[in-house]
Amino acid sequence: MNQDVQQEMPGFFRQVTNWKELRFYQKTEVLYQLTYVFCERFLPKYGDRTVDQMRQAARSGKQNIVEGAEDGKMSNEMELRLMNVARGSIGELRQDFGDYLKSRHLPIWTPADKRFQPMQDFTKTHNTLSDYEPYFQKWTAEEMANVGLTLCYQVDVMMNRYMKTMEQTFIKEGGVKERMHKARSNYRQQQDDRLAELERSVPLLQQQLAAAQKEASQWKAAYENLKQRAVKAYRLQQEEIEMLKKRIGKEQEL
């Protein structure tokens, strides 16, 4: 196969965003570590299933985003499915943080609370673990749970927006079967186009060949003519030499 054609052929693997650059993934990474420390500081070390549930939900949210993004190179459907699992896990974690506050009669911060807006501003503009770690041992249970709850809401909104975009992409581009079909169709079309191009060039090549053959024939005729003239001249010269020799021989006899 022509190397240029190989390079031009579109693949059926999707170009997907690096999951490390997804802001909602970065927030889930913070959420996982925050949840781990929260459980360690404020929940019983033994005998409380909530600890395992919260940590597992936080981990599932983070890991399913990674797996979804990786599987998304091949399958829109798989990415959507795993992203939805991640979103569901973050929803469970949000419920757990909310239940913790409610069961202990601690307030869930609302815009009416003066602490709400600073927390919103901080969590919206900070996505890396290093931004939050300095506070993990300083925040109270109320502060930490409200930050966790807010991060869960933000991740949910961002993932919902991302998945809607994915759905639109799926509608326009289809799944892996459609992309494989398109790749094969494009390849066949390239081959058909190349064949048509070669067929269109045949008459011109035939004309060029005929012209070359005609020119070669003319050169051959000229060569034969020149050859015959040279041979004739040579023979005449030889005859003249023989005649002169005979004449000289007769004169010497006299």
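The values are calculated or read from the model by the stated rules, or taken from the named source; none is laboratory data. Keep in mind it's a predicted model, so treat the numbers as computed, not measured. So basically every Cβ, Gly included, is an ideal-geometry build from the backbone, and we count neighbours across all protein chains shown. Only protein heavy atoms, including side chains, enter the accessible area calculation; ligands, DNA and RNA are left aside. Shrake-Rupley method; radii C 1.70, N 1.55, O 1.52, S 1.80 Å.
If only residues of segment 133-153 that are of a type outside the set (A, V, I, L, M, F, W, C), more than 21 Å from Arg23 (Cα to Cα) and assigned to a helix (DSSP H, G or I) are counted, the one that is farthest from the chain's Cα centre (by Cα) is Glu142. Selection of segment 33-42 for residues being in contact with a helix residue (DSSP H, G or I) (Cβ under 7 Å, 6 or more places away or on another chain), without any contact (Cβ under 8 Å) to a residue 60 or more places away in the chain and surrounded by fewer than 20 Cβ atoms within 10 Å (Cβ to Cβ) yields only Tyr36. I'd like to know if segment 166-185 contains one or more residues that are more than 30 Å from Asn64 (Cα to Cα), modelled with pLDDT under 80 and either among the hydrophobic types (A, V, I, L, M, F, W, C) or part of a helix (DSSP H, G or I) (or both). Yes, the conditions are met somewhere in segment 166-185. Looking only at segment 65-122, filter to residues that are aromatic (Phe, Trp, Tyr) and part of a helix (DSSP H, G or I); which one of those is least open to solvent (accessible area, probe 1.4 Å)? For segment 65-122, the residue satisfying everything is Phe97. When Glu239, Glu251 are screened for being part of a helix (DSSP H, G or I), modelled with pLDDT of 80 or more and either aromatic (Phe, Trp, Tyr) or more than 46 Å from the chain's Cα centre (by Cα) (or both), only Glu239 passes. Just name the residue that is most open to solvent (accessible area, probe 1.4 Å) out of those in segment 123-157 that are more than 17 Å from Tyr32 (Cα to Cα) and of a type outside the set (D, E, K, R). Only one residue tops the list, namely Thr125.
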